[in-house]
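Quick notes on the structure that follows.
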Amino acid sequence: MAKPKPIEVTDLTVAYHEKPVLWDIDLTVPESTLMAIVGPNGAGKTTLIKSILGLLKPAAGRVLIYGKPYHEQRHLVGYVPQRGSVDWDFPTSVLDVVMMGRYGQLGWFRRPGKKERELAMAALDKVGMAPFAERQISQLSGGQQQRTFLARALVQDAQIYFMDEPFQGVDATTERAIVTLLKELRAAGKTVVAVHHDLQTVMEYFDWVTLLNVRCIDSGPVGNVFTEDKLRQTYGGRIAFLKEQQTVVDGGLTAVTPEAKS
Amino acid sequence: MNLLEWLNLLLTDYTLRTVALGAATLGVTSGALGTFAMLRRQSLLGDAMSHAALPGVIIAFMLTGSKSPEVLMGGAAVAGILGTLTLIVITRYSRIKEDSALGIVLSVFFGFGLMLLTFLQRNPDARQAGLSTFLFGQAATLLERDVWVMGIFGGGALLLMLIFWKEFKLLSFDRDFGASLGLPMVMLDVLLTTLLVVAIVIGLQAVGVVLMSAMVVAPAAAARQWTNRLGLMALLAAIFGAMSGVGGAMISSTGEGLSTGPVVVLVASGIVIVSLFLAPNRGLVWSAWRRQKNRRQLRVETVLYDMYRLAQQHDDWDYPHEVAVLQAMNLNQGGVRNSLRKLAERGLVTEKGNGLWSLTQSGWEQAMNLFKKGGSA
């Protein structure tokens, strides 16, 4: 029997108030890949991640993590929520937030100690945030907030990472730091699934892509999937913004210009 | 009565000591747990819970005819939890938003409680006397037995809060992340909300249903001003809560027929106002002072920069200029002489007599650096 894939999603359907948000999603992600989830607003990208993580209850469908249900494989999964989903004026420090990544392994009644502190400092060092460890989180820039969240996921020491818009509103330094980190994770055999908004950088940063708009339009290696035709299917009439720029498809051979598209 | 006499009375007078202990217990409990309520934006939930507790108190009395603290607090807790559940049901199964749902629960439960209370009071039976103190609170009615019950429940709530400290922190900061770690966030939410109900219920007799929520909100809000650490914030909120509780109970007990609730609120408001203005970093006075300092700094730099531009025009860095020229460049906003004096203190400009000023060597260099930094903008 073949080794089970990191993520296998079958027939996943999620509905809010009877309106489907995700419809019949099938998805398989191979090991050591960086996969982008791409799609318009309201396509269900965050919902997809949250229902894989069991944060939302799907109406139907099945999710397997390395061949077993998620709740048995929790220790293999790390999560980076959207930066805007928490109150950054919460009275706590950067180091404290990063140590939260260990709370699952720590178990009940135990407080984070020396070991957790060391793991957290190592993770902060990896994202270039070590000098900010004692800083109050309300004093962080957007990029620093994002790197704090990444460090918190790193101390989880997972095999698969789910990241919700890790590049949202970060500075160039942070963006480069995240890209480097993603490549390191892949080199270490980890799998990363990230919601991504910037179509310009999909080819450069990721090697797999899932095009999502309530349904899964397509999923696979960027070279096969990230084509103009399929993007048009995903975004419907809203692909106009692509015309302004060059969209590189098929391994960088074709330049799409307004003339070519019309 | 001066403070010393007062303290003496507190230590020797049995009734006052009981009242103070009770007030301290409720203050510490509601202050510490109010910290989480505030950070989870649930301050108003506390208000709805305490108002919703009134019918519970009255019905518990009507059913048992007893006014013992366990019975009345039990009734209050049941009604408070019922109110919270109603709130959850309304927001989940209807299109009514949380704020409206809070208003509905608060007014319906409280109104029902008031109706029952009026109904009881028309009854000539004297046993119900004292129930109306649950409206605005009367700390002077606390007996030793009441304080024991408050202490046991309050202490238990605080102990649970400490045991589940890191889980509650995660619940308050990032619930989804906690759930992804496999922590039972719904259970923790229920537990923390129940502890808040306990904190409110033990204060009802002394502070009253109408104003008890102030003991949840005010100490936490004041504590947030002074610290950026959760643990310290909870500790400070507990101390502020005890101060408001004890202060309010003492003043109302020694005064003539004063309800405790309003006095507690006054003391708590005092603490909040002081914290709001005077706390370092977050305080309004502090930030106004910082703003003023920045503005002054900017004014001084502007004058230095103007002198640099003038010197450039003359191709001579220590060419002297009249103050009036600088004032005109500064759009006559004033403060130029002051800024020049400040610059002179730092050795960046010198007065050449007759109101003529020029840059010094180091002033020229510093201005050049400023210009480089600002030049890119």
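The values are calculated or read from the model by the stated rules, or taken from the named source; none is laboratory data. Keep in mind that what you see is a predicted model, and the values were worked out from it rather than measured. Cβ sites come from the backbone with ideal geometry, for glycine too, and all protein chains shown count toward neighbours. For accessibility, only protein heavy atoms count, side chains too; no ligands or nucleic acids. Shrake-Rupley method; radii C 1.70, N 1.55, O 1.52, S 1.80 Å.
The table that follows gives values for the structure above.
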{"read-out": "Residue within region A:98-108 that is assigned to a loop (DSSP other than H, G, I, E, B), within 14 Å of chain B (Cβ to nearest Cβ) and closer than 20 Å to B:F36 by Cα present", "value": "yes"}
{"read-out": "1 or more residues more than 14 Å from chain A (Cβ to nearest Cβ): qualifying helices (runs of 4 or more DSSP H) within region B:83-191", "value": "B:98-122, B:133-136, B:144-163"}
{"read-out": "Residue satisfying all of: in region A:62-97; assigned to a strand (DSSP E or B) and closer than 17 Å to A:Q156 by Cα; farthest from the other protein chains (Cβ to nearest Cβ) among these", "value": "A:I65"}
{"read-out": "Filter pass, A:Q146 being touching a residue at least 12 places away in the same chain (Cβ under 8 Å) and either under 23 Å from A:R186 (Cβ atoms) or within 14 Å of chain B (Cβ to nearest Cβ) (or both)", "value": "yes"}
{"read-out": "Some residue of region A:48-55 being at pLDDT 90 or above, assigned to a helix (DSSP H, G or I) and touching an Asp or Glu at 6+ places or on another chain (Cβ under 9 Å)", "value": "yes"}
{"read-out": "Answer residue from region B:239-249, given it is open to solvent by less than 40 Å² (accessible area, probe 1.4 Å) and aliphatic (A, V, I, L, M) and is modelled with the highest pLDDT among those", "value": "B:A242"}
{"read-out": "Residue in region A:111-123 that is facing chain B (nearest Cβ under 8 Å) and free of Cβ contacts under 8 Å to residues at least 12 places away in the same chain present", "value": "yes"}
{"read-out": "Qualifying residue in region B:304-313 (condition: without any contact (Cβ under 8 Å) to a residue 24 or more places away in the chain and of a type in the set (F, W, Y))", "value": "no"}
{"read-out": "Region A:139-169, residues that are open to solvent by less than 20 Å² (accessible area, probe 1.4 Å), assigned to a loop (DSSP other than H, G, I, E, B) and under 21 Å from A:V209 (Cβ atoms)", "value": "A:D164, A:P166"}
{"read-out": "Checking B:F61 against (1) surrounded by 15 or more Cβ atoms within 10 Å (Cβ to Cβ); (2) modelled with pLDDT under 90, the condition it does not meet", "value": "(2)"}
{"read-out": "Filter pass, B:V265 being in a loop (DSSP other than H, G, I, E, B), surrounded by 21 or more Cβ atoms within 10 Å (Cβ to Cβ), more than 14 Å from chain A (Cβ to nearest Cβ) and not aromatic (F, W, Y)", "value": "no"}
{"read-out": "Where B:P219 falls short, out of the listed (1) modelled with pLDDT of 95 or more; (2) within 14 Å of chain A (Cβ to nearest Cβ); (3) under 15 Å from B:L39 (Cβ atoms)", "value": "(2)"}
{"read-out": "Verdict on A:E18 being surrounded by fewer than 18 Cβ atoms within 10 Å (Cβ to Cβ) and away from chain B (no Cβ under 14 Å)", "value": "no"}
{"read-out": "Residue within region A:90-109 that is at positive phi and open to solvent by 60 Å² or more (accessible area, probe 1.4 Å) present", "value": "yes"}
{"read-out": "Tally, over region B:85-136, of residues that are surrounded by 12 or more Cβ atoms within 10 Å (Cβ to Cβ), of a type in the set (S, T, Y) and farther than 11 Å from B:L54 by Cβ", "value": "5"}
{"read-out": "Residue that is surrounded by the most Cβ atoms within 10 Å (Cβ to Cβ) [pool: residues in region B:224-238 that are in a helix (DSSP H, G or I) and over 12 Å from the mean Cα position of the chain (by Cα)]", "value": "B:L230"}
{"read-out": "Enumeration of residues in region A:170-190 that are open to solvent by 20 Å² or more (accessible area, probe 1.4 Å) and assigned to a helix (DSSP H, G or I)", "value": "A:A172, A:T173, A:E175, A:R176, A:A177, A:V179, A:T180, A:K183, A:E184, A:R186, A:A187"}
{"read-out": "Which listed residue is outside any strand (DSSP E or B), in contact with a helix residue (DSSP H, G or I) (Cβ under 6 Å, 6 or more places away or on another chain) and open to solvent by 40 Å² or more (accessible area, probe 1.4 Å), from A:P58, A:P40", "value": "A:P58"}
{"read-out": "Index of the failed condition, B:L195 passing every other in (1) buried (at least 16 other Cβ atoms within 10 Å of the Cβ); (2) over 13 Å from A:W108 (Cα atoms); (3) without any contact (Cβ under 8 Å) to a residue 12 or more places away in the chain", "value": "(3)"}
